[in-house]
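Input: a single structure, listed below in structure tokens.
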Amino acid sequence: MAGKGGATPSTYAPSPTTQKTKSLIFGNDDVDWVRSDGREFHQCRPAFFKTGAVNCASGSAYAEFGNTKVIVSLFGPRESKKAMMYSDIGRLNCDVSYTTFATPVRGQSCLGKNLVIDPILEEESYQDGSLMLTCMPSRYEVTQLTITGEWSTPKVNEVRQIADLFFVVLYQMLFDQRTSDRYF
Amino acid sequence: MGLPDGSGDLLSEMDGDAFRRLFPLQFYESHFVKSTRPDGRSLTEARETSSALGAVASADGSALVKIGSTTMLAAIKMEVMTPPTESPDEGCIAIDFHMPPICSPTVRPGRPADAAPVVSKQLSDTILRQVNCHSGMVNLKELSLISGKAAWMAYLDIYCLDADGALFDAALLSAVAAFSHLQIPVVSMNDEGKVVVMSEEQGGKEAVNNGKRKLTLSSIPFSLTCILHKKYILADPTAEEESIMETLVTVVLDSSGQLVSLYKPGGPVLAYTSVIQDCVALTRQRARELQAILDEAISGMEVD
Amino acid sequence: MEIDRVDGRTPNQLRPLACSRSVLNRAHGSASWTQGDTKVLAAVYGPKAGTKKNENPEKACIEVIWKPKTGQSGKLEREYEMILKRTLQSICILTLNPNTTTSVIVQVVNDDGALLPCAINAACAALVDAGTPLKHLAVAICCCLAESGYVILDPSKLEEQKMKAFAYLVFPNSLTILQEGGSQVGGEPMEHGIITSVTQGAMSVDDYLRCLERGRAATAKMSAFLQKSLQPLLSDD
């Protein structure tokens, strides 16, 4: 009655194997190229936020940057496991998972001699380095900074300035959901 | 769980929310006698249902389905396989149902939900119906590319994003909707004997599957889950209702009115013939509603 | 009405039944149940103190572990565990031992069709052997719908594969039970109510109802057999 369940045969995706080369995206002149979705270097993708996406969670949100779509649910607070040592402070458990059809990884990155923010996957795969910055705009505090690749001090400062503007808009959006479909 | 004596006084003093938490069954029953439910529905009324096709850009077919707040995201990715020797002219469908920790407080990270493999199996049984070579909703022969050499393997993954009851009903609807949305890529055979998606620049090559971009869906299954509680039948239960009243009956009927599944896994309430007939009648009505919702979603896509 | 069954049975004829109790020494209760060449062994351990996560501690909890004949547990085994658990929960008096867990372990010895019904019968016999408080017994049967529209009972694996559709049905058996208010419910005897129904393949609603009717008739015979095998225990209670 189990039918032909059995072992799944090996399969492959029929997507074209000829990967676009770096020069195809960036052109010959490193400074003068166009992003595949037509954005300017410092332009973000259309963003969308919505809180309360999952009814059964204590708190939840849905966020969209272009085609990157994420849902976050928050449950708790719950009693800690009995096996855990007693502690005066709570603990935050995070779990991230991808759907099988998801597009992975996003961040902020640097391509060629230009700074690009909010890269799409294709751009990310050719990056020379990336810088991810997380901050609390209300307190003007950076909470996380991840850098990969080689970055000069002026470049890092440049990112800071662009990011400041970006954060202010995101912050606004989050607390004013009427402007849900705003473009940067 | 019976009410303690003298609880009548207690009840009159207690506010609605506390009553609901302390005596959930009595709270629900107090609504049932008035032929209604706490969310304002009648006993046999399903929640508002919506279906949006094409929610996942990276998949070949996808759908987002909501029944009340129960939300399912289904996506189909087409890959190529060498068909097994016993069925050289058939493709294959692999169905998996996932309950990530975001969907419910009862699913914890690292511990898979008990319900997930069960729903997954139920979906495969309903959609593929592999009994004595009777084909299910999809004729697997339509998934063949080159006899004995290449066939499609359709990976259907369904993610529960919000688990608020009637998971199987929502998952099945999302699966059906994703198959309705599915556009099979146009492919050709490359020099190495691999099947690849045709791009515009290889106009010279001949497509292997010209004109076969849509699957013919026959006898589409639609389902309705009901709770049996005392003499009441409650259609399309929420998670709260399912946790309080434990007898569930899921009826699946296909578009030609055949019974595809009558699923009652135990439960304290026994199902008599008349109750079975009532559940089937409710499902028949619900199948018509769901067909209309699906048709609307499909025609919405064609306009775009 | 003629139908040829491979083993020469009539459509309503069940395969030879066999049941032995207390087959395992260490288990608190055990039974083996055989229908033709399908054989299942069930063992009951407990009640042990405490319930598992996400279970109601105000009631007794039943845990079912399904062991296939070979290989690892997959989705099918998970589904059978869930069906078996919910079926057994419905026949046990769960309020008697709150905050305890009773484990039922089902070992498939041989599968020659009608596996799930056979396992339900074995588990039910093992619960009786362990002295677990029960509301009533459960009797399970497999009804098959042949291509020609005939209903046949208790199919072998070979027959199962040739069928258009089949239904696993579980009915209560109240003959020995402490039933308040008799066994009549709304004009229908209690034995007519379905505890569990699982179907495979498409059939008309009328065909399903015919399966129900035939299944009910056959389970009366099985109930008699079950009670005879468990008699010494049931009369003790």
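From the phi of every residue in the stretch C:47-60, what ³J(HN,Hα) in whole Hz does the Karplus formula 6.51 cos²θ - 1.76 cosθ + 1.60 yield, where θ is phi - 60° and glycine or proline is x?
The phi angles translate into x, 9, 5, x, 10, 7, 4, 6, 10, 7, x, 7, 10, 6 Hz.
Residue by residue through the stretch C:76-92, which ³J(HN,Hα) values in whole Hz follow from phi under the Karplus form 6.51 cos²θ - 1.76 cosθ + 1.60 (θ = phi - 60°), with glycine and proline marked x?
Using θ = phi - 60°, the values come out as 4, 5, 4, 5, 4, 4, 5, 5, 5, 4, 5, 5, 5, 4, 6, 9, 8 Hz.
Reported to two decimal places, what Rg/Rh ratio describes the stretch B:37-303 when computed on Cα atoms with Rh from the Kirkwood expression?
Using only Cα positions, Rg/Rh for the stretch B:37-303 is 1.01.
Would you calculate a helix-derived [θ] at 222 nm for chain C, using -39,500 (n - 2.57) for each DSSP H run of n ≥ 4 and dividing by the full residue count, to the nearest 500?
Using -39500 (n - 2.57) per qualifying helix, the result is -10000 deg cm²/dmol.
How far apart, in nm, are two points set 7 Å out from the Cα along the Cα-to-Cβ line at residue A:138 and at residue A:13?
For the pair residue A:138/residue A:13, the computed spacing is 4.0 nm.
How far apart, in nm, are two points set 7 Å out from the Cα along the Cα-to-Cβ line at residue A:122 and at residue A:175?
Going from the residue A:122 label point to the residue A:175 one covers 3.8 nm.
What longest range of chain C stays clear of loop-exposed trypsin sites (Lys or Arg not before Pro) (DSSP non-H/G/I/E/B, at most 14 other C-beta within 10 angstrom)?
The longest such stretch corresponds to C:70-237.
Which cross-chain or sequence-distant (5 or more) residues have an amide H under 5 Å from the amide H of residue C:165, H modelled 1.01 Å from N in plane?
Under 5 Å from the amide H of residue C:165: C:145.
In whole Å, how far is the Cα centre of the stretch C:1-61 from that of the stretch C:121-147?
With the stretch C:1-61 and the stretch C:121-147 each reduced to a Cα centre, they are spaced 6 Å.
Regarding the stretch B:174-304, what's the average projected area of the Cα-atom convex hull, expressed in nm²?
Convex hull of Cα atoms, orientation-averaged projection: 12.1 nm².
Using Cα-only point scatterers and the Debye equation, what is log10 of I(q)/I(0) for the stretch C:67-181 at each q in 0.21, 0.22 Å⁻¹, rounded to two decimals?
Listed by q, the Debye log ratios stand at -1.21, -1.27.
If the rule is a partner Cβ under 4.7 Å, which cysteines in chain C fail it?
Unpaired cysteines in chain C: C:19, C:61, C:92, C:118, C:124, C:142, C:144.
Run a plain Debye calculation on the stretch C:1-81 (Cα atoms as equal point scatterers, no solvent) and give log10 I(q)/I(0) at q = 0.23 Å⁻¹, rounded to two decimals, same order as the q list.
Taking Cα atoms of the stretch C:1-81 as identical point scatterers yields -1.17.
Measure nothing but the geometry: give the 0 to 90° angle between the long axis through the Cα atoms of C:205-236 and the longest principal axis through the Cα atoms of chain C, rounded to 10°.
It works out to around 40 degrees.
Report Rg(Cα)/(2.2 N^0.38 Å) for chain C, keeping two decimals.
In units of the 2.2 N^0.38 Å rule of thumb, it is 1.00.
What translational D, rounded to a whole number of µm²/s, comes out for the protein assembly as shown from Stokes-Einstein when the hydrodynamic radius is the Kirkwood one over Cα pairs, at 10 °C and 1.306 mPa s?
55
Could you work out which residue, out of B:94, B:57, B:292, moves most in a Gaussian network model of chain B, that is, has the largest mean-square fluctuation with Cα springs under 10 Å?
Most flexible of the set in this elastic network: B:57.
Once amide H atoms are placed 1.01 Å from N in the peptide plane, what residues at a sequence separation of 5 or more from residue C:112, or on another chain, have their amide H within under 5 Å of its amide H?
It is C:38, C:39, by chain and number.
What is the set of long-range amide H partners of residue C:92 at a cut-off below 5 Å, with H atoms built 1.01 Å from backbone N?
Residues meeting the amide H criterion: C:135.
How much FRET efficiency would the formula 1/(1 + (r/R0)^6) give for residue A:67 and residue A:95, where r is the Cβ-Cβ distance and R0 is 30 Å, rounded to 0.05?
Efficiency at R0 = 30 Å is approximately 0.85.
Label residue A:158 and residue B:18 with points 7 Å out from Cα along Cα→Cβ: what is the distance between them in nm?
With each label placed 7 Å out from Cα toward Cβ, I get 6.4 nm.
Can you work out the FRET efficiency for the pair residue A:50 and residue C:52, with r the C-beta to C-beta distance and R0 = 35 Å, to the nearest 0.05?
0.45
Determine ³J(HN,Hα), in whole Hz, for all residues of the stretch B:216-229 in sequence, where each value follows from phi through the Karplus function 6.51 cos²θ - 1.76 cosθ + 1.60 and θ = phi - 60°; x replaces Gly and Pro.
Here the 3J(HN,Hα) series is 7, 9, 10, 5, 6, x, 10, 10, 9, 9, 10, 9, 9, 9 Hz.
Read the figures in this text as sums done on the coordinates, not as results from a lab. All values reported here derive from a predicted model rather than from experimental measurement. With ideal geometry, Cβ positions are generated from the backbone for all residues, glycine too; neighbour counts draw on all protein chains shown.
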